[in-house]
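Below is one structure; the comments refer to it alone.
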Amino acid sequence: MTNSTFNQPLDRRTLLKTFGAAALAGTGLFGASHKAYAANAQHVVVIGGGIGGATFAKYLRFAHADVKITVIEPNDHYITCLRTNDVMVNLHTLDELTFSYDTLRNQYGIGFVFDSATAVDFDRKLVRTAKGDEIKYDKLVMSPGIDFRYEDYEGHSAELANTQLPHAYKAGPQTLMLRDQFQSMKQGGVFVMSAPAGNFRCPPGPYERVSLFAEWMQKHNPTGKIIILDPKNSHSKYTPFQTAWQRLYGYGTDNSLIDWVSLDKGGRVTGIDVDNKTLFSDGGPVKYDACNIIPNQRAGKIAQTLGLTDNSGWCPINRHTFESTIQPDVYVLGDSSIADEMPKSGNAANTQAKVCARAIAAELRGEPQPGAIFANVCYSLVGSNYGISISAIYEVVDNKIVAKGESSGVSPITDLPGQPILEATYQKNWHRAFVKDVFG
């Protein structure tokens, strides 16, 4: 074993171009739930059933009725990271953010193997799972999410994150652990968050998290304090966030609920002493009562194990198709891929998955590759009824994904009292439509 780690009809394309795949999702035009695929049907295997993987599987079915699709995913349900910050301040429950794969299986004829992929034989085009299954593929699509660089912080580890210092950057038990630690903090206590450097998953956004925590503290722990230790001098939506903090939480005054310590002020965290509840930073030690280290990040572990990453820690890809530049017939979506100016957001993974689905469908049918165009919108709640956003359209220029023209926009700063309320409403309605697009 070497090099190993272990005729779509025109009317279908016309319908897709005219109405969009989401509008036709429930029409039954794209295959029955129990379709028997031909013995020689091409097989596309997806590792990871999160936003990227689930969207890809659904939209590949829209684009190609006759291909066999199998998703390998450890869990029979998915908890979205989107709105998990809300869970920690009692605006949502995890149950409300949990979605099954029933519609993808029953309506779109997508197969699921609830197991962990452990190895891939690229020469034989074979995926092996933890339970011993061997699954052949013609195309392999990976959407493995993120992994954490605990080694960047002296004294930190994955075990510590799972038992005492939850990052809460994968929805589930750590979400509830951080909620309980934060809400049980003593009156007048100090909550310290260490933001990540470089590229990182969002949502759950770090600055949205501390914003909602500040709103909760106004009601339940008004003498408390939040300190953000940041290895950056700026961040996405920097100006709208700081303006909102000034309006809502007294930012910049002696009574501010939030202190933000930038890189220039010594905000980079280098280590932790759990026993003495102390973070060590370039600016000196910082004591805490509750703490949230959000570690620096890299591509999901299986992408590293399979040798699909480069020195950046992320997976290099063909920007038009998301095919790996390291392994042919392997595609990497979402958080793990190098997508240049695109953020590592759920919405970005969703739009990348649709581009990749069209590209693979075209190649399997021997058709020319369609053009690649991407979009992203990120909403953040700075308070339960105060929203801000950033959005952009992206295109491929000189083999880089870049914002298209003047398409990128951040929430403007105005004195209109209804604007942030409206943006908060947009966020809540967008989330409902988004998860339906992915899982419904």
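The values are calculated or read from the model by the stated rules, or taken from the named source; none is laboratory data. On a predicted model such as this, the values are computed, not experimentally measured, just so you know. Positions of Cβ are generated from backbone atoms using ideal geometry, with glycine treated the same way; all protein chains shown enter the neighbour counts. Heads up: the accessible areas ignore ligands, DNA and RNA and are worked out on the full protein's heavy atoms, side chains in. Shrake-Rupley method; radii C 1.70, N 1.55, O 1.52, S 1.80 Å.
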field: Flag for V192 being at pLDDT 95 or above, open to solvent by less than 50 Å² (accessible area, probe 1.4 Å) and not in a helix (DSSP H, G or I)
entry: yes
- prompt: Restricting the first residue to segment 413-432 and requiring it to be among the β-branched types (V, I, T), which pairs with a second residue that is open to solvent by 40 Å² or more (accessible area, probe 1.4 Å) meet a Cβ separation below 9 Å and a spacing of at least six or different chains?
  reply: I413/T239; I421/N385; T425/N385
- prompt: When only residues in segment 392-436 that are among the β-branched types (V, I, T) and either in a loop (DSSP other than H, G, I, E, B) or on the phi > 0 side of the Ramachandran plot (or both) count, which is least open to solvent (accessible area, probe 1.4 Å)?
  reply: T414
- prompt: Would you say V274 is over 18 Å from G224 (Cα atoms) and within 27 Å of the chain's Cα centre (by Cα)?
  reply: no
task: Sort out which residues of segment 356-374 are closer than 18 Å to D398 by Cα and either within 19 Å of the chain's Cα centre (by Cα) or part of a strand (DSSP E or B) (or both), and write them in order of number.
output: I373, F374
message: Condition first: closer than 22 Å to F322 by Cα, in a loop (DSSP other than H, G, I, E, B) and either at pLDDT below 95 or open to solvent by 50 Å² or more (accessible area, probe 1.4 Å) (or both). Now tell me which residues in segment 133-145 satisfy that.
response: D138
message: I'd like the residue in segment 74-132 that is among the β-branched types (V, I, T) and surrounded by 21 or more Cβ atoms within 10 Å (Cβ to Cβ) and, out of all such residues, is nearest to P206 (Cα to Cα).
response: T84
task: Any residue in segment 281-292 that's within 10 Å of G267 (Cβ to Cβ): show its pairings with residues that are aliphatic (A, V, I, L, M) and open to solvent by 60 Å² or more (accessible area, probe 1.4 Å) at Cβ separation under 8 Å, as long as the two are six or more apart or on different chains.
output: D282/L263
- prompt: Mind checking which pairs have a first residue in segment 112-141 that is within 20 Å of A57 (Cα to Cα) and a second that is open to solvent by 60 Å² or more (accessible area, probe 1.4 Å) and hydrophobic (A, V, I, L, M, F, W, C), Cβ under 7 Å, 6 or more apart or different chains?
  reply: D115/A130; S116/A130
message: When you check D335 against the structure, is it within 23 Å of the chain's Cα centre (by Cα), charged (D, E, K, R) and farther than 29 Å from D123 by Cα, yes or no?
response: no
message: Please return the ranges of helices (runs of 4 or more DSSP H) entirely within segment 195-312 where 3 or more residues are open to solvent by 50 Å² or more (accessible area, probe 1.4 Å) and within 30 Å of E323 (Cα to Cα).
response: 301-305
- prompt: Pairs, please: C-beta under 6 Å, at least 6 apart or cross-chain, first residue part of a strand (DSSP E or B) and in segment 320-344, second crowded, with 20+ Cβ neighbours inside 10 Å and among the charged types (D, E, K, R)?
  reply: Y331/E323; K344/R201; K344/D335
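Conditions tested, residue by residue: (1) part of a loop (DSSP other than H, G, I, E, B); (2) at pLDDT below 95; (3) open to solvent by less than 70 Å² (accessible area, probe 1.4 Å); (4) within 28 Å of C378 (Cβ to Cβ).
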{"position": "L29", "(1), (2), (3), (4)": "yes, yes, no, no"}
{"position": "V45", "(1), (2), (3), (4)": "no, no, yes, no"}
{"position": "A57", "(1), (2), (3), (4)": "no, no, yes, yes"}
{"position": "L60", "(1), (2), (3), (4)": "no, no, yes, yes"}
- request: Return yes when A349 is in contact with a Lys or Arg (Cβ under 8 Å, 6 or more places away or on another chain), crowded, with 20+ Cβ neighbours inside 10 Å and not in a strand (DSSP E or B) and no when it is not.
  value: no
query: Within segment 338-345, is there a residue that is in contact with a Ser or Thr (Cβ under 7 Å, 6 or more places away or on another chain), among the β-branched types (V, I, T) and either under 20 Å from R247 (Cα atoms) or modelled with pLDDT under 95 (or both)?
result: no
